[in-house]
Amino acid sequence: MKRIRSLFVLVGGAILMASCSLLPFGKKNSKPTAINPGQMSTATNLKYNDEETGGFKVPGFEGQPDAPNTVFIEGGRAIMGSFEEDVMSYRDNIERTVSVASFYMDETEIANIHWLEYMFYLAKDSTQEVYQAALPDTTVWVGKLAFNDPYVDHYLRYPGFRYFPVVGVSWKQATNYSKWRTNAVNQQLLKESGQELPEVAAGGRIPLESGVVIPAYRLPTEAEWEYAAQALIGTQWLEEMQTHQRIYPWDGHALRNPYGKQMGFFLANFKRGRGDYAGIAGRLNDGALITSYIYEFPPNDFGLYNMAGNVSEWVMDVYRPLSYQDFDDLNPIRRDGFLDNASGNGRENLYNNIEKDPTQFTSLITDKARVYKGGSWKDVAYWMSPGTRRFLDEDSATATIGFRCAMIRAGSNY
């Protein structure tokens, strides 16, 4: 009897599968999706990819390709703002609720070896002028009263510093790197896909419709960076509840690891106090007088390394002290002088463009002032709180500012 029942099950299953395969896509239990759109249009019943009639081409798609070095950051609601005592009295990041869409972010800061790779390809494919513009400013290490000469000569190019974060890079240079990286990765993805796109010249833009490209690498927005640094996914408790906020990208008020073999070691690379960059010989507190290995310290709950300390990081936003009240509450960003441009009265003239008439206004805040986030190897712990923010001209560079890239999650509504 058992054998007869098994035979009936097998035969019945085969008949069911055969009948389903004969039905049009829309007649099945499943509905068409971006990954499985079916063989014909649900709007016209015209066939896709029909070579005989020259039908509408719908290339295969398996979802957004994996982007090198990135980590998925699931979006959601969060409280932006500084949870540390505002000892500087800046009051430029008051707490408010926002929602941030899911995105991807580099798990590490961009390292020297990544920048050297960039310069190698620029030297091959670009003009000398473009190559020169991409060179980091190694003189950022110069100190009239400090012997930092070894860093000036060796930090960028010496093999021992390969996986230390690149510094001396301006906001503009970081943005240009992001564009180059997007093209380099997409050209490689096209090559690996085996698709032939005659319309795409060597190095040219690959159509989004091909389904093989990633969205553009770019600098993260301030909201994305702060959201990713907090990593409150690690404080989830029950339905839409979080047990606590965070002052740093980890739990608690302490700066040392409270667990396991690393108990007592610092969780980030920062300046402990006046003149104390690394502790004493034999018991260095963070093990780094300057920057450190990009994977040196434990990652946060999103899997991101060094979202506090090591180097501060450029973000996309133009700096405004009142951004917290001007922001949209969905994917907020300040990208230009909207609301406070160079001409006009009242609020519009609040941050006058000093480039036009420096004698009329002495504010350093212009449309070239860009936000950078997070503390660095040269900063005290206060600046490692994700809500703190500072600004610098987009053409400037220092030995304490680096960057990492982000990108949208395409085709997603969360």
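The values are calculated or read from the model by the stated rules, or taken from the named source; none is laboratory data. Just so we're clear, the structure is a prediction, and the values are computed from it rather than from any experiment. Methodologically, a virtual Cβ is constructed for each residue, glycine included, from the backbone with ideal geometry; neighbour enumeration extends over all protein chains shown.
Taking into account only those residues within the range 125-161 that are under 28 Å from the mean Cα position of the chain (by Cα) and among the aromatic types (Phe, Trp, Tyr), which is surrounded by the fewest Cβ atoms within 10 Å (Cβ to Cβ)?
It comes out as 158.
Please state which of the following conditions residue 256 fails to meet, knowing it meets all the rest: (1) crowded, with 20+ Cβ neighbours inside 10 Å; (2) charged (D, E, K, R); (3) in contact with a Phe, Trp or Tyr (Cβ under 7 Å, 6 or more places away or on another chain).
All conditions pass for residue 256, except number (1).
Output the residues belonging to the range 259-292 that are more than 16 Å from residue 376 (Cβ to Cβ) and in contact (Cβ under 8 Å) with a residue 24 or more places away in the chain.
Within the range 259-292, just 262 meets the criteria.
Can you find, within the range 191-218, the residue that is surrounded by the fewest Cβ atoms within 10 Å (Cβ to Cβ) among those that are within 20 Å of residue 411 (Cα to Cα) and aliphatic (A, V, I, L, M)?
Taking the candidates together, the pick is 208.
Keeping to the range 395-408, report how many residues are out of contact with any Asp or Glu (no Cβ under 8 Å at 6 or more places or on another chain), buried (at least 19 other Cβ atoms within 10 Å of the Cβ) and in a loop (DSSP other than H, G, I, E, B). So that I can check it myself, show each step before the final result.
As a first pass, look at the range 395-408 and keep what is out of contact with any Asp or Glu (no Cβ under 8 Å at 6 or more places or on another chain): 395-396, 398-399, 407-408.
Checking which are buried (at least 19 other Cβ atoms within 10 Å of the Cβ) leaves us with 398-399, 407.
Retained after the next criterion (residues that are in a loop (DSSP other than H, G, I, E, B)): 398-399.
Going through the range 395-408 one residue at a time, the tally reaches 2.
Which members of the range 268-282 meet the condition of being surrounded by fewer than 17 Cβ atoms within 10 Å (Cβ to Cβ) and either of a type in the set (Asp, Glu) or assigned to a loop (DSSP other than H, G, I, E, B) (or both)?
272, 274, 275, 276, 281, 282
Looking for something at pLDDT 95 or above and more than 30 Å from residue 153 (Cα to Cα) - is there at least one such residue anywhere in the range 384-392?
Among the residues of the range 384-392, not one is at pLDDT 95 or above and more than 30 Å from residue 153 (Cα to Cα), which makes the answer no.
Looking at 246, 205, which is the one that is touching a residue at least 24 places away in the same chain (Cβ under 8 Å), out of contact with any Cys (no Cβ under 6 Å at 6 or more places or on another chain) and outside any helix (DSSP H, G or I)? Lay out the reasoning, then the answer.
Values: 205 fails: touching a residue at least 24 places away in the same chain (Cβ under 8 Å).
On inspection, the qualifying residue turns out to be 246.
Within the range 289-304, track down each residue that is in contact with a strand residue (DSSP E or B) (Cβ under 9 Å, 6 or more places away or on another chain) and within 15 Å of residue 229 (Cα to Cα).
297, 299, 302, 303, 304 - these are the residues of the range 289-304 that are in contact with a strand residue (DSSP E or B) (Cβ under 9 Å, 6 or more places away or on another chain) and within 15 Å of residue 229 (Cα to Cα).
When the range 147-194 is examined, which residues are found to be closer than 14 Å to residue 113 by Cβ, in a helix (DSSP H, G or I) and in contact (Cβ under 8 Å) with a residue 12 or more places away in the chain?
161, 177, 181, listed by residue number.
Within the set of pairs 6+ apart or on separate chains, which have a first residue in the range 216-241 that is among the aliphatic types (A, V, I, L, M), a second that is in a helix (DSSP H, G or I) and buried (at least 24 other Cβ atoms within 10 Å of the Cβ), and C-beta atoms under 7 Å apart?
From residues that are among the aliphatic types (A, V, I, L, M), the pairs are 219/174.
If a residue has to be more than 25 Å from residue 141 (Cα to Cα) and part of a loop (DSSP other than H, G, I, E, B) to count, how many in the range 287-336 make the cut? Break it down into steps so the answer makes sense when it comes.
Of the residues in the range 287-336, the ones more than 25 Å from residue 141 (Cα to Cα) are 298-304, 317-336.
Next, from what is left, pick out any that are part of a loop (DSSP other than H, G, I, E, B): 298-304, 319-322, 327-329, 331-336.
Summing the residues that are more than 25 Å from residue 141 (Cα to Cα) and part of a loop (DSSP other than H, G, I, E, B) in the range 287-336 gives 20.
When both residues are 6+ apart or on different chains and their Cβ atoms are under 7 Å apart, which pairs have a first residue that lies in the range 363-392 and is under 13 Å from residue 248 (Cα atoms), and a second that is acidic (Asp, Glu) and crowded, with 20+ Cβ neighbours inside 10 Å?
373/222; 373/226; 373/313; 374/313; 386/226; 387/226
Can you tell me which residue within the range 94-114, out of those that are in contact with a helix residue (DSSP H, G or I) (Cβ under 8 Å, 6 or more places away or on another chain) and among the hydrophobic types (A, V, I, L, M, F, W, C), is modelled with the lowest pLDDT?
Top of the filtered list is 94.
Would you mind telling me which numbered condition in (1) surrounded by fewer than 20 Cβ atoms within 10 Å (Cβ to Cβ); (2) at pLDDT 95 or above residue 225 fails?
All conditions pass for residue 225, except number (1).
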